[in-house]
1. Based on what the data block shows, is Leu79 modelled with pLDDT of 85 or more, surrounded by 15 or more Cβ atoms within 10 Å (Cβ to Cβ) and in contact with a Pro (Cβ under 8 Å, 6 or more places away or on another chain)?
2. Where in the stretch 127-186 are the helices (runs of 4 or more DSSP H), entirely inside, with at least 2 residues that are within 14 Å of the chain's Cα centre (by Cα)?
Amino acid sequence: MSADGDITGLLHRWRDGDEAAMNELSPLVHDRLQQLAHSAFRNEYAAQTLQPTAVVNEAWLQLAGAQPAVENRGHFYALAARMMRRILVNHAHARNAQKRGGDQLRVTLDLAAVNEDTQDSDVLELHEALDALATHDSHLEELLELHYFGGFTAAEIAEALDVSESTAKRQMRFARAWVRRYLDTA
């Protein structure tokens, strides 16, 4: 059986209450979770105090505690990306409260993906923009969450959201333009 099949099988066993499946799953998904975390940290400022490994560990603990009902590998990684977004946002809020708005946790967006002229946007601005997008189209918000916080490619997004790759690319272009407009007017 392929690694993807192993992961999906273990996820199903875990969903069905097999605690041993979680222990078997951990080493199979750890590297990809690290990639997701590193993607979220790709262009961060040096002042960042939270490390990708800490985000992975916290996300894994939250996922393990929730024992989510996941359908497949793509769905699992989408949930992990959402957990990582929450962790980064919560950390940014805590830092802001502590510093009274200064020295915010900053994550640089893929400028080519959003707008070459856009200045670095912090994680809270991106979070706010994605929340605003969700009020219009939660599917597009999820798509960009996977891209920005999970580092998913268009092919991986297509698999996770069960759409064609060309549909994922088209929706990403639209959603990026929406976020760019939102950030430009915010």
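The values are calculated or read from the model by the stated rules, or taken from the named source; none is laboratory data. Since this is a predicted model, take the numbers as computed values, not measurements. Every residue, glycine among them, receives a Cβ derived from its backbone with ideal geometry; neighbour counts consider all protein chains shown.
1. yes
2. In the stretch 127-186, 138-150, 154-161 are the helices (runs of 4 or more DSSP H) which contain 2 or more residues that are within 14 Å of the chain's Cα centre (by Cα).
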